[in-house]
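Data block below; observations after.
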Amino acid sequence: MVDIVIQLLPHILPHMLAALLYGALGFHFWNTRWREGENQCVACPMQAWERVAIAAALVIHAVGLYGALFADVGMRFSFSFALSLMMWLAVLIYWLESFMARMEGMQPMVLPLAAACTALPIAFPHVHLVANAGATGFKLHFLAAMLAYSLLTLSALHAIFMGFTEKALHNRALKRSLSSLPPLLTMESLLFRMLLVGFILLTLTVGSGVFFSEELFGKPLSVDHKTLFAFASWGIFATLLIGRHIWGWRGKRALRWTLAGFALLILAYVGSRFVAEVILGRV
């Protein structure tokens, strides 16, 4: 038993360290930016050491993901690694955005989620080998898909945050935590920028999967629940962006459409892999 633990330790240690660091940073940002108290510096911008700590967690997380995904036998993947990779990209985007706008008030939500998703590969270690993973076209398809999922995941988190913030403002429940958040209009502009870029990447992902299925996956396109969910999600995001451009959709309507599109997108891959790997026990 001890020998098995020693053999697995190099593989799970980066995930453990990254999850602990994300969790500690999430608590720190909650304690300093959100928690009600007289000594908290709610309006303080992100400090240099905080940026360095998030960057360190991102590097450790990346090392763990790379070692787990790219083995000697080929590329491996699973629903747990999909969620972990998406949250890594989400934290990276928030970290980069923090250099241009005040994002420290957003960290108490995204970092605990990153901690939970980073620990998933430890709890659900089952993986499957990805066919055609050595092809350049597949790598580009995979990269576009993961970037799209990450941006749209971040958009959904953003939408939830905006919903809580807007409700608090309408109810005049002005807590100290709201002072650390960007203005609502700034958050909305950022939401639609992320949605637009995520939609473009999702279009590339869906389009390449439809028109180059045999080259990418070695088989013709099959119309299954995964494909239908992906098309439905693409349609929802397309409708939302058109509605924003033509009719000026915003507020609760935009938030509902964002969450609906995200839910279908998650079901398209992560949900199907979870059912196959965890419920049905297929690798």
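The values are calculated or read from the model by the stated rules, or taken from the named source; none is laboratory data. Predicted, not measured: the structure shown is a model, and the values here were computed from it. Positions of Cβ are generated from backbone atoms using ideal geometry, with glycine treated the same way; all protein chains shown enter the neighbour counts.
Yes/no per residue for (1) charged (D, E, K, R); (2) modelled with pLDDT of 90 or more; (3) more than 14 Å from the chain's Cα centre (by Cα); (4) farther than 19 Å from residue 30 by Cβ:
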site: 57; (1), (2), (3), (4): no, yes, yes, no
site: 60; (1), (2), (3), (4): no, yes, yes, yes
site: 73; (1), (2), (3), (4): no, no, yes, yes
site: 77; (1), (2), (3), (4): no, no, yes, yes
site: 88; (1), (2), (3), (4): no, yes, no, yes
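Taking residue 168, is it at pLDDT 80 or above, assigned to a helix (DSSP H, G or I) and assigned by TED's automatic domain parsing to the domain that holds residue 238? Considered against the rule, which asks whether it is at pLDDT 80 or above, assigned to a helix (DSSP H, G or I) and assigned by TED's automatic domain parsing to the domain that holds residue 238, residue 168 comes out as no.
On inspection, residue 33 qualifies as part of a helix (DSSP H, G or I), touching an Asp or Glu at 6+ places or on another chain (Cβ under 6 Å) and either at pLDDT 95 or above or basic (Lys, Arg) (or both). Filtering 45, 10, 14 for residues that are at pLDDT below 75 and of a type outside the set (A, V, I, L, M, F, W, C) leaves a single hit, 10. Pairs linking a residue in the stretch 128-145 that is farther than 23 Å from residue 88 by Cα to a residue that is at pLDDT 70 or above and in a helix (DSSP H, G or I), with Cβ atoms under 6 Å and 6 or more positions apart or on different chains, are 132/138. Of all residues in the stretch 236-253, those that are free of Cβ contacts under 8 Å to residues at least 40 places away in the same chain and within 18 Å of residue 152 (Cα to Cα) have Cβ atoms under 7 Å from Cβ atoms of residues that are outside any helix (DSSP H, G or I) and not small (Gly, Ala, Ser), 6 or more apart or on another chain, in 243/249. Inspect the stretch 251-269 for any residue being at pLDDT 90 or above, assigned to a helix (DSSP H, G or I), surrounded by fewer than 16 Cβ atoms within 10 Å (Cβ to Cβ) and in contact with a Phe, Trp or Tyr (Cβ under 7 Å, 6 or more places away or on another chain) and give the result as yes or no. There is no residue in the stretch 251-269 that is at pLDDT 90 or above, assigned to a helix (DSSP H, G or I), surrounded by fewer than 16 Cβ atoms within 10 Å (Cβ to Cβ) and in contact with a Phe, Trp or Tyr (Cβ under 7 Å, 6 or more places away or on another chain).
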